[in-house]
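Here the structure is laid out as structure tokens; the discussion comes afterwards.
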Amino acid sequence: MLAGCSSRPAHPDFSASGYLADRGAVRIWRKERDSHVTRLMTVYTPFNGPAVETTDYQWQQDKLISIERHIAGEHPESVTMRFDQDGSLSFMQRQLEDRREALSADAIALYQYDAGRMLTVSDDLLKGRVVLQQGHWKPSGTVTLCQKGTRHPSFDRYAASYITQHQQESGKPLSIAWLEAPGGTQLLLVSADDICPAQPTAEDF
């Protein structure tokens, strides 16, 4: 079997995956450019509360070069960090609702650790062929995908009941996200908000 020079296995140019965390759903989009640049965007949606957390990571030649995190909700917050190729911090800013402030060295190290952890998680999900799908759910069980086309996910009884209950409570059209893998299908997210406009594509990501 032929092997390349990269320290990580080859991945599709553009992919989407995700997983269920303890307190929310994590959706991951990833793009590889020219075998030297990797961009990873994670969206963490808590099960309770509106504080959706979007983080954008970029690596160049396996070196982390930037982190941008935006937290929406009642108390919005954003963090931006850029790193030189030797790993040293070249720019850092934390923007709170009413002020800017610096991050501690420990906080920066934690962001860097989290970036590496998420890249490893993404590698494992892609290796396991876990694919994220999103779209607009219809009472028939059919989903119109964000990227066009339709799908009829084979949810278990609990997931199907959860979607139906959410529909009855909200009275609005629902967006859902789910994971497909060789081992089955898992419901990830149900929302009365339209999640499709925020879904990146290979062209604009």
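The values are calculated or read from the model by the stated rules, or taken from the named source; none is laboratory data. Computed from a predicted model, the values in this text were never measured in an experiment. We place every Cβ from the backbone using ideal geometry, glycine too, and count neighbours over all the protein chains shown. Surface areas here come from the heavy atoms of the whole protein model, side chains and all, with no ligands, DNA or RNA. Shrake-Rupley method; radii C 1.70, N 1.55, O 1.52, S 1.80 Å.
Couple of notes before you dig in:
- Whole-Hz couplings from phi, Karplus 6.51/-1.76/1.60, listed for region 58-74; x for Gly and Pro: 9, 10, 10, 6, 6, 10, 5, 10, 7, 9, 10, 10, 10, 10, 8, x, 5
- Rel. contact order, % - alpha carbon contacts under 8 angstrom, at least six apart, region 15-107: 15 percent
- Candidate values [x] 18.4, 56; [y] 20.3, 66; [z] 17.6, 57, label of the one derived for Rg and Dmax of the Cα atoms in Å: [x]
- 3J(HN,Hα) couplings calculated from phi for region 180-193 with the Karplus curve 6.51 cos²θ - 1.76 cosθ + 1.60 (θ = phi - 60°) are, in sequence order, 10, 8, x, x, x, 10, 9, 5, 10, 7, 10, 9, 7, 8 Hz; Gly and Pro show x.
- For region 123-133, the Karplus equation 6.51 cos²θ - 1.76 cosθ + 1.60, evaluated at θ = phi - 60°, returns couplings of 4, 5, 5, 5, 4, x, 6, 8, 10, 8, 10 Hz by residue, with Gly and Pro reported as x.
- With a 1.4 Å probe rolled over the protein heavy atoms of all chains, the accessible area of TYR44, TYR57, TYR162 falls in the order TYR162, TYR44, TYR57, largest first.
- Apportionment of accessible area to carbon and sulfur, the chain, percent (1.4 Å): 51 percent
- Span from the region 143-205 Cα centroid across to the region 9-61 one, whole angstrom: 17 Å
- Proximity of backbone amide H atoms, modeled 1.01 Å from N, is registered between ALA25 and THR45, PHE47 at under 5 Å, excluding neighbours fewer than 5 places apart on the same chain.
- Summarising the amide proton neighbourhood of GLY135: residues at separation of 5 or more, or on other chains, whose placed amide H is nearer than 5 Å comprise CYS146, ILE176.
- Highest average packing first - 93-101, 133-141, 192-200, Cβ atoms within 10 Å: 133-141, 192-200, 93-101
- Computed over the chain: relative contact order in percent, which uses C-alpha pairs under 8 Å that are six or more apart: 14 percent
- Calculated mean residue ellipticity at 222 nm for the chain: -6000 deg cm²/dmol, from DSSP H runs with n ≥ 4 weighted as -39500 (n - 2.57), summed, divided by the residue count and rounded to 500.
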